[in-house]
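Just so you know, all these numbers are worked out from the coordinates, no wet-lab data involved. For clarity, every value in this text was computed on a predicted model and none was experimentally measured. Reconstructed Cβ throughout: ideal geometry from the backbone, glycine too, with neighbour counts over all protein chains shown.
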Amino acid sequence: MTSPSPAPLPVAEVAELGRRVLDEVATAVVGMRDSLEIALATVLAGGHVLFEDVPGLGKTLAARSLATALGLDFARLQCTPDLLPSDITGSSVFDPASRAFEFRPGPVFTGLFLADEINRTAPKTQSALLEAMAERQVSVDGVTRRLPAPFHVVATSNPVEYEGTYPLPEAQLDRFMVRLAVGYPDRDQETEVLLRRVARRQEAAPVNPVVDAATVLAMQAGVEAVAVDDDVVRYCVDLAAATRSHASLEVGASPRGSQNLLLLARAVAVLDGRDFALPEDVKRVAVPVLAHRLTLTPGAWASAVRAENVVQELLASVAGPATVGRQA
């Protein structure tokens, strides 16, 4: 039996709550505002987030702070080469007292699951998350168990050139709505990180809940209530289709890519206080949504072409709809 869908919150209220969530996260995380806004929009669009960058840039802190500000149950799993699928999903354990096997849920049974350094574990273990990310359920010992609602995965990964990393399978990458790069802070931001650490006199950076799980579901329902013009829908399709015929790409974006473009553009529009999506919203999210779904040809890879550059090139060449008849 499924629980009834929550009543959608008005766009203005979703935008205000989103701003308060980001402001609260900013008390612990310096910089990253743009990346965190895209991450929050991804959660509101029902998707999963992959942070990919070098170690030490605050990716784990950002994920934990976002979960806390959203009032979601949080579980973190440090991925290692010897990690087993059951370490994620859970397993059945024999209980001598009852003389029966009892299922002990793994850390994936939570509101926001952080898979830290996901590409340090083997592809077989990485794939244990596929069903959870796609269907919000896991199957263990022939029994399917539903995950809590809302359920989201935030994973961090190191660049594949780093020692001890495995490339994420294409099917796994495709389940992430966005891949975000944090980047190094500038001098002022890095100085602020150090000053805050000295001022609080402890390692932990406290973050307070702004909303709760039920409110997050209502915010997601508010995003789902937003309509999108047919021209914007066709623009998402045209961008994804253009990746499938580009000379530098061996594999282009799947229909899931165009769908995620649309869903995230809608969430970004809501956070901006609008009940309609614009082509500019699609352009803003195109790189984080599409780049990780593209496979370069060997020649392009050898020439140091980056998937992000290909998406930017397509944004400049694929004609979008005119923005008319809409006012923010």
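List of remarks:
- The share of C-alpha pairs in the stretch 177-248 whose separation exceeds 13 Å stands at 82 percent.
- Converting the Cα gyration tensor eigenvalues of the stretch 1-58 into ellipsoid dimensions via √(5λ) gives semi-axes, longest first, of 26, 16, 9 Å.
- Inter-centroid distance (Cα atoms) of the stretch 17-51 relative to the stretch 61-90, Å: 17
- Cα shape, the chain, gyration tensor, a/c 1.5 rule: rounded
- Charged side chains reduced to their Cβ positions (Lys and Arg at +1, Asp and Glu at -1) give the chain a dipole of some 320 debye around its Cα centre.
- Note on Asp275, Asp281: ascending count of other Cβ atoms within 10 Å places them as Asp275, Asp281, the fewest first.
- Counting charges near Val270 (Lys, Arg +1; Asp, Glu -1) among other residues having Cβ under 12 Å from its Cβ returns a value of -4.
- The modelled label-to-label distance between Ala97 and Ala241, using points 7 Å beyond Cα along the C-beta direction, is 6.2 nm.
- Taking one quarter of the surface of the C-alpha convex hull of the stretch 118-159 gives a mean projected area of 3.5 nm².
- For the pair Thr297 and Glu170, a Förster radius of 22 Å applied to the C-beta separation gives a FRET efficiency near 0.90, rounded to the nearest 0.05.
- 28 Å tail of the calculated P(r), the stretch 52-208, as % of Cα pairs: 29
- Stretchable slack from Arg197 to Leu130, in nm (0.36 nm times residue separation minus alpha-carbon distance): 20.4 nm
- Viscosity 1.002 mPa s, temperature 20 °C, Stokes-Einstein D of the stretch 227-317 from Kirkwood C-alpha radius, µm²/s: 162
- Dipole-positive endmost among Ala300, Tyr184, Ala214 within the chain (Cβ charges, Cα centre): Ala214
- Debye intensity ratio I(q)/I(0), log10, the stretch 266-328, q values 0.12, 0.20, 0.25 Å⁻¹ (C-alpha model): -0.40, -0.83, -1.06
- Once the chain from Asp231 to Asp188 is taken as fully extended at 0.36 nm per residue, the excess over their C-alpha distance is 11.3 nm.
- For the stretch 227-317, a crude dipole built from +1 on the beta carbon of Lys and Arg and -1 on the beta carbon of Asp and Glu, taken about the Cα centre, is about 300 debye to the nearest 20.
- Mean sequence separation of contacting Cα pairs (under 8 Å, at least six apart), scaled by the length of the chain, corresponds to a relative contact order of 23 percent.
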